[in-house]
Amino acid sequence: MVFRGLGLGYAYSAQWQNDKNLLEYEGRFSFSILDTRDILAPSLNFLPVRLDYLFKMGTDNNFCIGPFFTLEYNFEMYPDLQSGYSFWFTHYSLGGALNYSFNTQNHHFDFIFHTTLLGITSRNPVYDDPYFFDLSLGNVLRFVHQDFQVGTLNRYNQSELEIRWQPKAISRLAFAYAFQYYGYFDEPKLTILNQSIKLIILPK
């Protein structure tokens, strides 16, 4: 079944840079209510760490490329189903990132892309006992860290494209559109597509 719905999220980041390198940290949390055929599915996404280490390139240092590391948790609950199933997808990953920036008159744009290349994943088993389940916090934390498997693009991929627009160079407000793809290719398979509109408050 395909579940769709709306969500709300919060993200925070910090950046350090010099003439040659850019180091950026980001964390985020989001909560969504999904449904299909009147079946509700609360969904949580928690990204405690995404760390980019990029090398500046180009004549104006407006193009950056390099590796990134991320820890991410996705957890969905299905209280309307008789079995009370929960589904999760955890990945600790290394990947590649790039950032391209440019200005047009008084406007500033950033194109930011991330994709995973290698990592370890935790996913539901193919079969869960439908009559004995426990959604307590302790068991959920155990679930999302169990049975880690090493994989590359043959097992899973998480990619994200973000386009940021800062209306004026001195503005503390910026806006962004982000498209996120999650794919887990072994059984039980999983595909998640997220589209986000972001309001970004920049530091003084």
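The table that follows gives values for the structure above.
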| item | result |
| --- | --- |
| Sorted by Cβ neighbour density within 10 Å, fewest at the top, the residues Met1, Met57, Met77 | Met1, Met57, Met77 |
| Projected label distance in nm at Arg172 and Val126, using a 7 Å step from Cα toward the beta-carbon | 5.6 nm |
| Mean shadow area of the chain, taken as a quarter of the surface of its Cα convex hull (nm²) | 12.8 nm² |
| At most 13 other Cβ within 10 Å, DSSP loop - trypsin sites (Lys or Arg not before Pro), segment 1-91 | Lys20, Arg37 |
| Percent RCO, i.e. relative contact order, over the chain, from Cα pairs under 8 Å lying at least 6 residues apart | 13 percent |
| Qualifying lysines (Cα of each under 24 Å from Cα of Lys20; at least 8 residues distant if same chain) | Lys56, Lys204 |
| Fraction of beta bridges assigned by DSSP in the chain that are antiparallel (%, nearest 5) | 100 percent |
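Only the coordinates and a few stated rules stand behind these numbers; no lab work does. Everything numeric here is computed off the predicted structure, so don't read it as measured data. All Cβ positions, glycine included, derive from the backbone under ideal geometry; neighbour counts span all protein chains shown.
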